[in-house]
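Enquirer: The structure's right below; bear with me while I get my questions together.
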Amino acid sequence: MGLLDGKKAMIFGIANEKSIAWAIAQAFRREGAELAVTYANDTVAKRVLPLAEAVGAQLVLPCDVRSDEDLKKVFGEVEKAWGGLDVLVHSVAFANKEELKGSFLNTTREGFSLAMDISAYSLVAMVKEAYPLMKGRDASVLALTYYGGQKVFPNYNVMGVAKAALEMSVRYLAESVGCDGIRVNAISAGPLKTLASAGVGGFNQIAGYVEQKAPLRRNITQDEVAGSALYLASSLASGVTGEIHFVDSGYNIIG
Ligand code: 0WD
């Protein structure tokens, strides 16, 4: 018996086989979930479509999370296919590359609002659309965040501000939808080599520092994030909401 047998799960944020969302999709499938996946645009489509097929995703849909129209469309498709939704994974973030290096003072108004829109507000927009489908189903929403939303890290800059907004949105959303049995949590993952992290200046140095300083003296893997995602999505975590759960080799406890 799988931990997610019979559950319907929708996953945003697979870009390639290194994506955290891809490890989560595989773990969810292994534990019996039926999957819907979205992809951001045509550029990533050619990598995402074969992956979606490999996990037997029932729905594979384009969705730019900046667009309310796109979001309405994809949740409409989920309603048509399944009539409800048990698990929603938000594994999406974006900021202009030139604002992920150097001084935070160089952040532009446009760059700030783009990072906030894609990386933070999109969670609120998704939950708005998903809410009628998840209501009363002992459902779980999960977002991905990073410690740079709580502490200042070199180069993380505007993304740190967006992650702080995302983490607080997790808590406010948890309060808003908890009375309907929907839980909202985030995983704060340690540094992982992916397309998104390649855009952050000095990524290798941060990963090297974690190896030296974290209690486990190593970096984490995508599969370890997927393991915690599985727990938070399943009834094992039925009493857990509004939580930021670190999967970071314990790095965040070190002073
Ligand atoms: O070290 C890391 N990799 C960490 C990542 C540590 C801690 C947290 N995270 C977070 C990220 O901030 C993000 O929220 O995990 C989440 C997933 O990131 P990832 O798996 O590291 O990166 P990636 O495989 O690039 O997936 C992020 C995807 C985008 O990829 P690209 O590289 O194409 O920008 O977010 C999606 C897209 O697929 N995305 C969008 N999806 C819909 N609409 C949009 C958009 N407008 N923009 C980006």
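Enquirer: Is it the case, given these coordinates, that L85 is outside any helix (DSSP H, G or I) and surrounded by 20 or more Cβ atoms within 10 Å (Cβ to Cβ)? Full working, then the answer.
Expert: Working: outside any helix (DSSP H, G or I): yes; surrounded by 20 or more Cβ atoms within 10 Å (Cβ to Cβ): yes.
When the stated conditions are applied, L85 passes them.
Enquirer: While we're here: When only residues in region 41-55 that are among the hydrophobic types (A, V, I, L, M, F, W, C) and within 15 Å of the ligand (Cβ to nearest atom) count, which is surrounded by the most Cβ atoms within 10 Å (Cβ to Cβ)? Show your work before the answer.
Expert: Start the filter on region 41-55 by keeping residues that are among the hydrophobic types (A, V, I, L, M, F, W, C), which leaves 44-45, 48-49, 51-52, 54-55.
Those still in the list that are within 15 Å of the ligand (Cβ to nearest atom) too: 44-45, 48-49, 51-52.
Numbers: V44: 16, A45: 13, V48: 26, L49: 14, L51: 21, A52: 24.
Across region 41-55, the extreme among qualifying residues is V48.
Enquirer: In addition: Return the residue satisfying two criteria in turn: it lies in region 3-40 and is over 19 Å from V78 (Cα atoms) and in a loop (DSSP other than H, G, I, E, B), and of such residues it is farthest from the ligand (Cβ to nearest atom).
Expert: L3
Enquirer: Yes or no: S122 modelled with pLDDT of 95 or more, more than 17 Å from A21 (Cβ to Cβ), among the polar types (S, T, N, Q) and in a helix (DSSP H, G or I)? Break it down into steps so the answer makes sense when it comes.
Expert: Working: modelled with pLDDT of 95 or more: yes; more than 17 Å from A21 (Cβ to Cβ): no; among the polar types (S, T, N, Q): yes; in a helix (DSSP H, G or I): yes.
In short, no.
Enquirer: Between V127, V210, which is among the β-branched types (V, I, T), within 24 Å of R66 (Cβ to Cβ) and assigned to a helix (DSSP H, G or I)? Full working, then the answer.
Expert: On the way: V210 fails: within 24 Å of R66 (Cβ to Cβ).
Of the residues listed, the single one that is among the β-branched types (V, I, T), within 24 Å of R66 (Cβ to Cβ) and assigned to a helix (DSSP H, G or I) is V127.
Enquirer: Of everything in region 162-180 that's out of contact with any helix residue (DSSP H, G or I) (no Cβ under 7 Å at 6 or more places or on another chain) and hydrophobic (A, V, I, L, M, F, W, C), which residue is surrounded by the fewest Cβ atoms within 10 Å (Cβ to Cβ)?
Expert: Per the stated criteria, the residue is C179.
Enquirer: When you scan region 181-203, do you find a residue that is in contact with a Ser or Thr (Cβ under 9 Å, 6 or more places away or on another chain), under 29 Å from G111 (Cβ atoms) and more than 13 Å from the ligand (Cβ to nearest atom), even just one?
Expert: Initially, region 181-203 is screened for residues in contact with a Ser or Thr (Cβ under 9 Å, 6 or more places away or on another chain), giving 182-192, 194-196, 203.
Now drop any that are not under 29 Å from G111 (Cβ atoms), which leaves 184-192, 194-196, 203.
Imposing the further condition that a residue be more than 13 Å from the ligand (Cβ to nearest atom) reduces the set to 184-185.
Yes, the conditions are met somewhere in region 181-203.
Enquirer: Something else: Give me the pairs: first residue in region 34-55 and of a type outside the set (A, V, I, L, M) and modelled with pLDDT of 95 or more, second residue part of a helix (DSSP H, G or I) and near the ligand (Cβ under 10 Å from one of its atoms), beta-carbon distance under 6 Å, and six or more apart or on different chains, which are they?
Expert: From residues that are of a type outside the set (A, V, I, L, M) and modelled with pLDDT of 95 or more, the pairs are Y39/V48.
Enquirer: Got a number for residues in region 143-179 being in contact with a Lys or Arg (Cβ under 6 Å, 6 or more places away or on another chain) and more than 18 Å from H90 (Cβ to Cβ)?
Expert: 1
Listed here are the residues, each with its yes/no results for (1) under 19 Å from Y121 (Cα atoms); (2) free of Cβ contacts under 8 Å to residues at least 40 places away in the same chain.
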residue: V170; (1), (2): yes, no
residue: N185; (1), (2): yes, no
residue: E211; (1), (2): no, yes
residue: A214; (1), (2): no, no
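Enquirer: Here are some residues: A81, A130, A95. Which one is aliphatic (A, V, I, L, M) and over 19 Å from the mean Cα position of the chain (by Cα)?
Expert: Numbers: A130 fails: over 19 Å from the mean Cα position of the chain (by Cα); A95 fails: over 19 Å from the mean Cα position of the chain (by Cα).
None of the other options fit; the residue is A81.
Enquirer: Can you name every residue in region 131-159 that is within 15 Å of the ligand (Cβ to nearest atom), buried (at least 22 other Cβ atoms within 10 Å of the Cβ) and in a helix (DSSP H, G or I)? Step through it out loud before you land on a result.
Expert: Taking region 131-159 first, the residues within 15 Å of the ligand (Cβ to nearest atom) are 141-151, 153-159.
Subsequent filtering for residues that are buried (at least 22 other Cβ atoms within 10 Å of the Cβ) retains 141-146, 148-149, 156-159.
Matches in region 131-159: G148, G149, N157, V158, M159.
Enquirer: Another one. Within region 221-235, work out how many residues are among the aliphatic types (A, V, I, L, M) and either surrounded by fewer than 19 Cβ atoms within 10 Å (Cβ to Cβ) or more than 15 Å from the ligand (Cβ to nearest atom) (or both).
Expert: Start the filter on region 221-235 by keeping residues that are among the aliphatic types (A, V, I, L, M), which leaves 225-226, 229-230, 232-233.
If we keep only those that are either surrounded by fewer than 19 Cβ atoms within 10 Å (Cβ to Cβ) or more than 15 Å from the ligand (Cβ to nearest atom) (or both) as well, we get 230, 233.
Result for region 221-235: 2.
Per-residue answers, yes or no, for (1) surrounded by 15 or more Cβ atoms within 10 Å (Cβ to Cβ); (2) in contact with an Asp or Glu (Cβ under 8 Å, 6 or more places away or on another chain); (3) within 17 Å of V89 (Cβ to Cβ):
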position	(1), (2), (3)
I182	yes, no, yes
F203	yes, no, no
G208	no, no, no
N219	yes, yes, no
A237	yes, no, yes
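The values are calculated or read from the model by the stated rules, or taken from the named source; none is laboratory data. Bear in mind the structure is a predicted one, so any value in this text is a computation, not a measurement. Cβ: placed from backbone, ideal geometry, glycine included. Neighbour counts: every protein chain shown.
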